[in-house]
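One structure is given here, and the rest of the page talks about it.
The values are calculated or read from the model by the stated rules, or taken from the named source; none is laboratory data. Everything numeric here is computed off the predicted structure, so don't read it as measured data. Cβ: placed from backbone, ideal geometry, glycine included. Neighbour counts: every protein chain shown. Surface areas here come from the heavy atoms of the whole protein model, side chains and all, with no ligands, DNA or RNA. Shrake-Rupley method; radii C 1.70, N 1.55, O 1.52, S 1.80 Å.
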Amino acid sequence: KAGVTQTPRYLIKTRGQQVTLSCSPISGHRSVSWYQQTPGQGLQFLFEYFSETQRNKGNFPGRFSGRQFSNSRSEMNVSTLELGDSALYLCASSLGDLNTEAFFGQGTRLTVV
Amino acid sequence: GENVEQHPSTLSVQEGDSAVIKCTYSDSASNYFPWYKQELGKRPQLIIDIRSNVGEKKDQRIAVTLNKTAKHFSLHITETQPEDSAVYFCAAKGGGNTPLVFGKGTRLSVIA
């Protein structure tokens, strides 16, 4: 079956702009989590959506937001981009039940200039 | 919320030697501990996981141990090979619908 798909793979944006990233989970998976990956900081949790509801939220400013659609596809939005937002953004999907494997997408590389 | 500390941040070993990566977690309710491997330019992939009702789990050359009392768990790789070179992440998930929280990663280099 198809894996987790993220689009676009690469993005270059200017400070102050906004950006929307997309994640299509594995078919049947209802949970989608988003992570920001930067050198030295590992995978920092942004938020998790389950059945169209935000189930968990990490410690990121309100400029970072997300949503999930009825088909479980998820988007995250970053407004008023800052240079420090440059990172690899990864989404992971899972069944959403307790203690089930999370499958990662290949990520979106965002560069803010 | 959960906090996961991972050590060391970098590790170099000779081919054939063993490698050990250690993690500690803060939430005593955590009950699921996966390990992910991320090769350069690729997505993280699960290599092994352990649940709180088990103290050790092995899969060929890799093993994970869990000490719930001390709240730490470790990844052991024996007979390392150059293809083991990657960044390894530990993670912990608490009870209920809590998120999967990752450590900052360990860059393992296996020198041939």
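More than 31 angstrom separation, counting every C-alpha pair in the protein assembly as shown; what % is that?
In whole percent, the share of Cα-Cα pairs in the protein assembly as shown beyond 31 Å is 21.
How long is the gain from A:Tyr10 to A:Thr80 if the chain were fully straight, where each residue apart is worth 0.36 nm and the alpha carbon distance is subtracted?
Contour length minus the Cα-Cα distance gives 23.4 nm.
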With +1 assigned to the C-beta of every Lys and Arg and -1 to the C-beta of every Asp and Glu, and no other charges, what is the dipole magnitude of the protein assembly as shown about the Cα centre in debye, to the nearest 20? 520 debye
So what does A:Val4 come to for accessible area, using a 1.4 Å probe and Å² rounded to 10? 10 Å²
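At 1.4 Å probe radius, can you tell me the per residue accessible area of the stretch A:43-112 in Å²? Intermediate values should be presented prior to the final figure.
Details: 2900 Å² over 70 residues.
Ligands and nucleic acids excluded, the figure is 41 Å² per residue.
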A drop of at least 20 square angstrom in accessible area, chain alone versus all protein chains together, probe 1.4 Å. Which residues of the stretch A:42-60 meet that? A:Gly42, A:Leu43, A:Phe45, A:Arg55, A:Asn56
On average, how many beta carbons from a partner chain sit within 10 Å of the beta carbon of a residue in B:90-96? 2
Would you please give the residues with an amide H less than 5 Å from that of B:Ile50, counting only those at least 5 places away or on a separate chain, with H modeled from the backbone geometry? B:Phe33
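Order the following by accessible area, largest value first: A:Phe103, B:Phe89. Probe radius 1.4 Å; ligands, DNA and RNA are ignored.
Values: A:Phe103 80, B:Phe89 5 Å².
Of A:Phe103, B:Phe89, the descending order of accessible area is A:Phe103, B:Phe89.
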Around B:Lys37, what is the net charge, scoring Lys/Arg as +1 and Asp/Glu as -1 over all other residues with Cβ under 14 Å from its Cβ? -2
What spacing in nm lies between the two simple spin-label points modelled at B:Ile111 and B:Asn97, each 7 Å away from Cα in the Cβ direction? 5.0 nm
Evaluated at 37 °C with a viscosity of 0.692 mPa s, what Stokes-Einstein diffusion coefficient in µm²/s does chain B have when Rh comes from the Kirkwood expression over alpha-carbon pairs? 234 µm²/s
For the stretch A:6-26 versus the stretch B:1-65, the gap between their alpha-carbon centres in whole angstrom: 30 Å
Using the Cβ atoms and a cut-off under 15 Å, what net charge is assigned to the surroundings of B:Ser109, where Lys and Arg are +1 and Asp and Glu are -1? -3
At 1.306 mPa s and 10 °C, plugging the Kirkwood radius over alpha-carbon pairs of the stretch A:53-113 into Stokes-Einstein gives what diffusion coefficient in µm²/s? 119 µm²/s
Convex hull volume of the Cα atoms in chain A, per residue, in Å³? 96 Å³
